1. Assuming R0 = 22 Å, can you tell me the calculated FRET efficiency for the pair residue A:61 and residue B:381, based on Cβ-Cβ distance, to the nearest 0.05?
2. Quick check for you: which residues of the stretch B:347-387 have the amide N under 17 Å from the point 7 Å beyond the Cα of residue A:24 toward its beta carbon?
3. Please state the equivalent ellipsoid semi-axes for the stretch B:335-415: what are the square roots of 5 times the Cα gyration tensor eigenvalues, largest first, in whole Å?
4. Take peptide B:329-342, look around each residue's Cβ out to 10 angstrom, count Cβ atoms belonging to other protein chains, and average those counts.
5. So, R0 is 35 Å and r is the distance between the beta-carbons of residue B:473 and residue A:77; what FRET efficiency does that work out to, to 0.05?
6. Can you give the mean number of other chain Cβ atoms that lie within 10 Å of the Cβ atoms in peptide B:288-295?
7. Quick one, can you get me the convex hull of the C-alpha atoms of the stretch B:1-115 expressed as volume per residue in Å³?
8. How large is log10 of I(q)/I(0) for chain B at q = 0.10, 0.13 Å⁻¹ when the intensity is taken from the Debye formula with one equal scatterer per alpha-carbon?
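Each value in this text was obtained by applying a stated rule to the coordinates, not by laboratory testing. Keep in mind the model is a prediction, meaning the values are calculated, not measured. Virtual Cβ from ideal backbone geometry, glycine too; neighbours counted across all protein chains shown.
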């Protein structure tokens, strides 16, 4: 059984997920997510020590294709839908701060 | 509107043309779309072009497919080249996919005419279409009620006779529940039967594309067309498309069908009454009914609402304002990512991303996500045991008939409970379908759900056909 969800837990998770929340959203999400996690305590409380987890219904086996060249989307077709592109590349705002 | 099978026959015989059928569909969409908000984009130009190509092939004496000239509506999470595709989200507003989903290539090859993209809960997260960024879809049978979700637009398109068939996607019930609420046949195929290439991902180990139709035969026709191995989807099953139409009249004589307590307990009385009447119809058709209890199914909802959000939190990390979709500018990349996602995602999507991020985070992974994956194993084992007792299982699709707008929007958990009977099959990877059977409150349709082990679609369709005949629908 896990402790109840706190407002600061939700704030931390929102930051990890790159979402910013207003104070009222933070309150509302804390309450709603807390209810969902409380419902999930029915499985959190089970003793499943010897059960093997299933990540995929039929068990994924590596699938490989022939190593042959195939046509792919053109660079222009892909960059055409980008919010910003320069010199045949995706363009983004500054990644690092100024050099010291 | 006539059935897909009838339209294809008449187009092939020359009694009508693909273009004429497309114009009938366009007119029907035009008449009601403003009121019902079914289509987010109507592809009039593309549909007429596709129809004329079918007509040209016919007049040249070339082969046309089994859906020649049949209008089909597509849920807006399926990529179609050059056609606006949003997944019901602001974050993809204005995006034009540079490629076709495999299902779209397959319906086109079969001669069908894609009419446009239908409304849905944002990223398929919801059970009512109320989380769409573009407003809810109304249920054509009672516009004060939801059509169900998340594939509510695709269900409403068929229920309102805009198109005879449509495609949806089902991650936890998103085809079967709206089919039930709109009085349609809706199928969640075996995981891997239908390619997911070009389907905008929600929870990749659960998502599966499937058909909506007014009758079992049309659903079988469409599922035959879209299923079969696709090298572009590494989770695609290796075998070719199953034969469904040829087995529709196989019946259920000698079959054992399990009535599962956990798949109807807690439902409204009118729903339970329909399930019992459907069971009687199957018994009358020669099936043996066994009553079963599968207590593990009660854990499905909790497991699903940890696994699906966990996968979604990972899948939706791609919406970062860099390669496609919305960008909200800011001084640096991290601030741009955050501003973009905060503006682009709606509340339900944020809720699920945070739930999934939390379930996967250090300190909680074992208690939540890890535990849910183990419950998934138990669910699969429990179904396997049940299928030693019975060939197919039956229960309700949804706990109630179509509900009113706003009835569950303030309480996410109440909304999630709409999917309590449909979720277990997604976790197991098995097929299931909803078939209308009788009516409930206010004369609204009730759906019963048939479930089977992996690759049992032909048996499910044959049993559904028995119910359709018994319900006086053929």
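1. Details: r = 20 Å, r/R0 = 0.92.
Once the sixth-power term is evaluated, E becomes 0.60.
2. Label zone hits: B:347-348.
3. After scaling each eigenvalue by five and taking roots: 33, 23, 10 Å.
4. Working: counts 3, 2, 2, 6, 5, 3, 4, 5, 4, 6, 2, 2, 4, 7.
Average per residue, whole number: 4.
5. The calculated FRET efficiency here is 0.15.
6. That average works out to 0.
7. 98
8. -0.67, -1.16
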